[in-house]
Amino acid sequence: MSNVMEEFNESELLYIIPPEKHSKEDIISLIGAHPEIKFVSFVGVDLRGNDTDEKIPVKNFIDDIDEFLNGGVQTDGSSVVLPGIATLNDGKVDLVADISVKWFVDYNYEHIDFETKKPVGTLRIPSFLVHNGRRVDSRSILQKSVDYFSSEILKILKSNPKTAEELGINIDDIQEIRLTSATELEFWVKTPGDRAEYEELSASQMLQEQYWKRTKGTVRTALEKSLLLMERYGLEPEMGHKEVGGVKAQIGGEGRLNHIMEQLEIDWKYALALQAADNELIARILIKETFRRHGLEVTFMAKPIEGVAGSGEHTHVNVTAKLKNGKMVNLFAPRDMRKDFLNTVGWGALMGLLKNYEAVNPFIASSNDALNRLKPGFEAPICIVASIGKNAETPSRNRTVLVGLVKDNSNPMSLRFEVRSPNPHTNTYLALAAIYQAMLDGIRYAVSSGKTSKELEKEFTKEPGEHSDYLETDRAYRSEEDVFEHYTEEERNRLFGVPPATVWENLCNLQKYADKAAVLEQGGVFEKDILESYVKAARIQWTMELCERIINENAELVRSCVKLHKGREFNDYDEEIWTRINNLRHYLMKSSLREDSLFAEIRKNMDAGNYDEVSRLQLEMAEKIRELKKLYTEYKRNILDIEP
């Protein structure tokens with residue numbers, strides 16, 4: 001942060017307004033006591049995860065507080081991503097305040113209020129997007145999922161007292177079902193304008209020169225200040241550290257580090273599902289702004305650099321019952337942690353998530369960037385498979401699977417599932433909603449089956465081809481091995497299913513696996529038009545990014561691959577490899593009267609709406625670009641002299 005931060009006492013600022021302080025009188029009193037809060041913003045989250053950020057002068061908000069709190073704020077549907085719902089001829093959308101969660105105050109440390117000598121604050125109020133009286137936003141979908149899951153679990157336990165007995169609870173003693181979650185945020189930080197060579201980054205990663213090493217200079221300062229600031233917002237950060245990606249910074253003439261390019265991770269405490277997603281939103285703002293004030297650029301892209309470790313956002317999920325006496329019971333944990341991995345409800349949740357994952361994945365990896373991260377060899381999961389540990393006493397440590405069982409045998413409340421496929425740009429609201437819907441489907445089966453925990457464990461550990469009453473016959477669902485080293489690609493595809501290679505393939509799974517998509521619709525959580533709107537929004541982003549960004553970036557790469565051997569120091573090897581490079585350049589980019597280039601073919605099919613063909617051609621383009629990069633690297637390595 002800039003030095004101006006030292007000119008006021010940070011403890012005097014208001015960082016959150018808790019739910020119990022959301023009455024009109026409390027809000028007016030708190031804002032009145034903090035005149036540095038100059039604006040109010042109603043924060044709705046559309047289907048692509050974009051959050052609104054309008055500035056309402058605080059005086060206007062106070063003057064019409066009843067209308068703002070009860071009726072919300074009106075906005076044009078064109079300003080949010082709700083295709084097919086908020087249309088040009090029916091575009092009015094209301095932002096309605098959510099009084100059940102924390103409200104955050106976002107401070108602009110570069111704008112100091114003249115009178116208070118404190119940074120100007122904006123009260124960010126998490127809100128629902130309402131169209132024609134119906135909530136149609138990401139937050140409301142997660143809220144519906146939480147409400148539906150909670151009510152259905154209570155019904156399941158009432159109808160199956162044996163399961164409640166296994167949990168060691170009386171159904172009448174349950175006060176509340178609590179769905180909790182936590183995310184781990186990985187990100188890259190660098191000096192603006194700088195770039196490191198792929199070979200240097202790759203070598204550093206292979207040598208593990210960065211992972212968990214000591215942070216230095218401005219990176220250390222920004223990381224420490226981010227963690228301290230998160231504490232003030234009640235996020236309860238647990239740790240911040242270096243991740244595997246990055247290279248060593250250089251020391252400039254003034255003794256300061258420059259040419260910074262590092263990968264970091266910050267973790268914070270779990271919360272109830274909706275609050276956890278809201279917490280992540282404010283955490284990203286705090287982290288990005290803190291590093292920016294120190295002259296560092298942060299990216300939350302899943303795969304900012306091809307061929308180097310991407311950034312994940314491992315998402316932890318758990319369900320507990322709060323009893324009337326205040327006791328908390330983990331609904332996934334077995335009575336004897338050293339004897340069993342999970343109880344009946346836990347097995348059902350895990351089985352439901354994996355069986356229905358083809359319908360969950362479109363809400364986790366719905367961009368080109370997200371799919372670029374999910375490649376073999378970078379600890380990013382591509383297979384629908386889980387690791388639970390070699391035995392009940394030995395927790396899972398497998399980082400190559402989709403889902404891992406996190407288990408501390410001395411603390412039943414810590415037992416949870418870690419879903420490893422999300423990335424920092426995953427819409428956490430929709431991802432959690434889909435995950436809980438999938439889990440509930442499996443729980444219904446497990447409880448109604450009457451099977452014991454050991455019987456469910458055996459079913460989950462089935463071999464491919466072995467019949468299951470719930471899981472698919474031709475699949476395997478458990479592996480304690482490194483799935484990238486232990487199996488060939490052919491074996492992985494046969495055992496765990498073929499993963500989607502493009503955004504379009506992933507979106508099409510909602511139709512291909514209609515029975516699994518129907519699980520999302522149960523309880524009216526994901527309504528059909530909401531699913532259609534989401535698919536349309538993701539498809540538009542996919543095609544626009546492919547046409548306007550990826551092809552253009554690849555075209556610049558093609559142009560940059562120029563002939564270098566112009567002097568006397570070249571040979572037939574240089575000539576041969578350059579010929580191959582030049583042929584690739586023309587195939588990719590140069591159309592003729594007889595045939596279109598690959599780039600032109602993609603654009604033509606995109607205009608015609610032939611998305612299956614666009615998807616196929618995108619994969620071909622990616623393969624040709626990789627081949628071009630590899631050839632040109634080999635070519636440059638053999639050049640002795642380059643004429644100006």
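Numbers at a glance
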{"read-out": "Cross-link partners of residue 158 among lysines (Cα-Cα below 17 Å; sequence separation of 8 or more within a chain)", "value": "322, 324"}
{"read-out": "Segment residue 595-residue 154, extension gain: residue separation times 0.36 nm, minus the distance between their alpha carbons", "value": "152.4 nm"}
{"read-out": "The chain: relative contact order as a whole-number percent, Cα under 8 Å and 6+ apart", "value": "12 percent"}
{"read-out": "Gyration tensor over alpha-carbon atoms, the chain, equivalent ellipsoid semi-axes in Å", "value": "41, 34, 26"}
{"read-out": "Out-of-range pairs (alpha-carbon distance over 25 Å; input 102/269; 375/630; 162/454; 55/92; 155/536; 102/536)", "value": "155/536; 102/536"}
{"read-out": "Base-10 log of normalised Debye intensity for the stretch 444-577 (one unit scatterer per alpha-carbon) at q = 0.10, 0.14, 0.18 Å⁻¹", "value": "-0.64, -0.95, -1.16"}
{"read-out": "Share of alpha-carbon pairs per 5 Å distance bin for the stretch 339-448, given as whole %", "value": "2, 12, 21, 23, 21, 13, 6, 2, 0"}
{"read-out": "Spherically averaged projected area of the stretch 555-596 from its Cα convex hull (nm²)", "value": "3.5 nm²"}
{"read-out": "Along each principal axis, Cα extent of the stretch 11-77, largest first, Å", "value": "35, 27, 22"}
{"read-out": "Pair residue 552, residue 25: separation of 7 Å Cα→Cβ label points (nm)", "value": "5.6 nm"}
{"read-out": "Exposure proxy ranking, count of Cβ atoms within 10 Å, fewest first, for 290, 488", "value": "488, 290"}
{"read-out": "Fraction in percent of alpha-carbon pairs per bin - 10 Å, the stretch 3-136", "value": "12, 40, 30, 15, 3, 0"}
{"read-out": "Label-point gap, in nm, between residue 132 and residue 394 - each point 7 angstrom along Cα→Cβ", "value": "5.8 nm"}
{"read-out": "Computed label-point distance, nm, for sites residue 50 and residue 607 using a 7 Å Cα→Cβ extension", "value": "2.6 nm"}
{"read-out": "R0 of 30 Å, Cβ-Cβ distance residue 619-residue 466: FRET efficiency to nearest 0.05", "value": "0.35"}
{"read-out": "Mean residue ellipticity (222 nm) of the chain, computed from DSSP H runs ≥ 4 via -39,500 (n - 2.57), nearest 500", "value": "-12500 deg cm²/dmol"}
{"read-out": "Largest-first ellipsoid semi-axes for the stretch 540-637, taking √(5λ) over the Cα gyration tensor eigenvalues, angstrom", "value": "30, 13, 10"}
{"read-out": "Order of 635, 436 - criterion: other Cβ atoms within 10 Å of each residue's Cβ, fewest first", "value": "635, 436"}
{"read-out": "Per-bin percent of Cα-Cα distances, the stretch 330-386 [10 Å]", "value": "20, 36, 27, 15, 1"}
{"read-out": "Per residue convex hull volume, Cα atoms of the stretch 118-165, in Å³", "value": "128 Å³"}
{"read-out": "Gain upon complete extension [residue 14, residue 99; 0.36 nm per residue less C-alpha separation]", "value": "28.8 nm"}
{"read-out": "Order of 278, 51, 469 - criterion: other Cβ atoms within 10 Å of each residue's Cβ, fewest first", "value": "469, 51, 278"}
{"read-out": "Compactness relative to 2.2 N^0.38 Å, alpha carbon Rg of the stretch 141-526", "value": "1.01"}
{"read-out": "Extension gain, residue 335 back to residue 406 (0.36 nm per residue minus Cα-Cα distance, nm)", "value": "23.9 nm"}
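We did not get these values from a lab; they are worked out from the coordinates using the rules stated. Keep in mind that this is a model prediction, so the values were computed, not measured. Neighbour counts are summed over all protein chains in view; Cβ atoms, including those assigned to glycine, are modelled from backbone coordinates with ideal geometry.
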